Amino acid sequence: MIMHELSIMLEVVRRVEAVAKANGSPKVKTIVLQIGEAASVIPRFIEDCYDAAIHQTTLEETKLEIEIIPAMGRCLDCRQVHHLRDSQGICPTCRSKQFEMLSGREFQIKQIAVEDHYESDQNH
Amino acid sequence: MSQIKIIEIKEGIFEQNNQTAQELRNRLKEDKTLLINLMSSPGSGKTTTLVSTIEALKNDIRIGVMEADIDSDVDARSIDQTGARVVQLHTGGMCHLDAEMTRQGIEALDPSGLDLVILENVGNLVCPAEFDTGAHKNVMILSVPEGDDKPLKYPLMFSIVDLVLVNKIDAADFFDFDLDLFRRRLAKINPEIGVIPISAKTGQGMTPWFDWLKQQVHKL
């Protein structure tokens, strides 16, 4: 499973490097990822393999931040919105198990924080 | 002193891959070459199934194969003996193929004049499900010894495939594999999915699978 997250993180590193390059190759201080509670990746595993993914890349000193997005569902019978983790998928109001997913499957790069002024000598 | 600037990206991690996959899918459709992504666990009989399939269809359909392996060419050599056009892709330690690797494999294979290209993905039920390869159809092989509870353990894989071949069906009694229960579990995850029980060893059930393939080639 860790291997799976590593492959995904290598993709994240490639994408962030491309975005940084398109913005004049500033030093990237932080990467912010958003991961839904019902996404197919495990945040702890993402953190575990992050160091390996940035090894020998331009992001070697970049920090990783992860924002967790709660998995919310709306009951199809009574429209009650509930937190799927707490409710175990069962509507707390009418006990229905039918719901539409409102959030929680996200897995995206939200933003990066970069140094605005960097030395003109980029080879140092 | 340097200041910090925020660059908004707001981009799904699979977006770039999905786009490359869609471009590849469209291009192959224009060229009338069907791309099938074949996935399974290691030891499910994927290569044996593929060899029998090529042998049975090679007079009707021009078939090419891309063998993805972490690092060997054992399977590619088995396929090569059937006379089908084959390329070996090494994923270099990666547990899956993405659309860009598939695109490069297609170029190396040279699909001109081929009706069907089968991509034998890395043997694993987790990671290949996550990355769209650009295939028109996703097929997986589940072998009887793996058990009828696999849809419960790998829901993502079973939700993205169009067809499951249940291989080694001749051994169902020895492994208490309940095909009806398996179908019911599958239907909850993916009501559209097709199921064909086969035995690549005895040839049982292979004809419906060949017919399905021929139909997909003609439909493209």
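Rule-based calculations on the coordinates, nothing more; no lab input. Predicted, not measured: the structure shown is a model, and the values here were computed from it. A quick note on method: Cβ atoms are made from the backbone with ideal geometry, for glycine too, and the neighbour counts reach across all protein chains shown.
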Checklist entry - For the Cα atoms of chain A, what angle does the longest principal axis make with the long axis of helix A:43-54, in degrees from 0 to 90, nearest 10? => result 20
Item to check | Most positive-pole-ward Cα, A:16, A:36, A:50, against dipole of region A:1-71 from beta carbon charges | outcome: A:16
Item to check | In region A:59-112, the GluC sites (Glu not before Pro) that fall in loop regions by DSSP, at most 11 other Cβ within 10 Å | outcome: A:60, A:61
Checklist outcome for this item: Residue by residue through region B:161-172, the couplings from Karplus 6.51 cos²θ - 1.76 cosθ + 1.60 with θ = phi - 60°, in Hz, x for Gly and Pro, are 8, 8, 8, 10, 9, 8, 8, 6, 5, 5, 9, 4
Checklist entry - Relative to the longest principal Cα axis of chain B, at what angle does helix B:15-30 sit, 0 to 90 degrees, rounded to 10? => result 60
Checklist entry - Ordered by residue, what ³J(HN,Hα) values in Hz, to whole numbers, does region A:83-99 give under the Karplus form 6.51 cos²θ - 1.76 cosθ + 1.60, where θ = phi - 60° and Gly and Pro are x? => result 7, 4, 5, 6, 8, 6, x, 10, 4, x, 8, 10, 6, 5, 9, 8, 8
Checklist entry - Near the amide H of residue B:194, under 5 Å away, which other amide H atoms are found, from residues 5 or more places off or on another chain, if H is placed in the peptide plane? => result B:163, B:164
Checklist outcome for this item: Given Cβ charges of +1 for Lys and Arg and -1 for Asp and Glu, the option among B:86, B:157, B:205 whose Cα lies farthest towards the positive end of the dipole of region B:15-219 is B:205
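Report the FRET efficiency, 1/(1 + (r/R0)^6), for residue B:159 and residue B:58, where r is their Cβ-Cβ distance and R0 is 25 Å, rounded to 0.05.
With R0 = 25 Å, the Cβ-Cβ based efficiency is 0.15.
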Checklist entry - Which of the trypsin sites (Lys or Arg not before Pro) found in region A:50-105 are loop residues per DSSP with 15 or fewer other Cβ atoms within 10 Å of their Cβ? => result A:79, A:95, A:97, A:105
Checklist outcome for this item: If exposed means trypsin sites (Lys or Arg not before Pro) lying in a DSSP loop and surrounded by at most 14 other beta carbons within 10 Å, then the longest stretch of chain B lacking such sites spans residues B:59-220
Next on the checklist: For a test of the definition: using alpha carbon positions, the gyration tensor, and the 1.5 limit on a/c, classify chain B as rounded, prolate or oblate.
Outcome noted: oblate
Checklist outcome for this item: Among B:187, B:171, B:40, the residue whose Cα sits farthest towards the positive end of the charge dipole of the protein assembly as shown, when +1 is placed on the Cβ of each Lys and Arg and -1 on the Cβ of each Asp and Glu, is B:187
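What's the magnitude of the charge dipole for region B:15-219 around its Cα centre, counting Lys and Arg as +1 and Asp and Glu as -1 at the beta-carbon? Answer in Debye, nearest 20.
For region B:15-219, the charge dipole is close to 500 debye.
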Checklist entry - Working out 0.36 nm times the residue gap between residue A:76 and residue A:51, then minus their Cα-Cα distance, what length gain in nm do you get to one decimal? => result 4.7 nm
Next on the checklist: List the residues, sorted by chain then number, that are 5 or more residues from residue A:69 or on another chain and whose placed amide H is less than 5 Å from its amide H.
Outcome noted: A:35, A:36, A:37
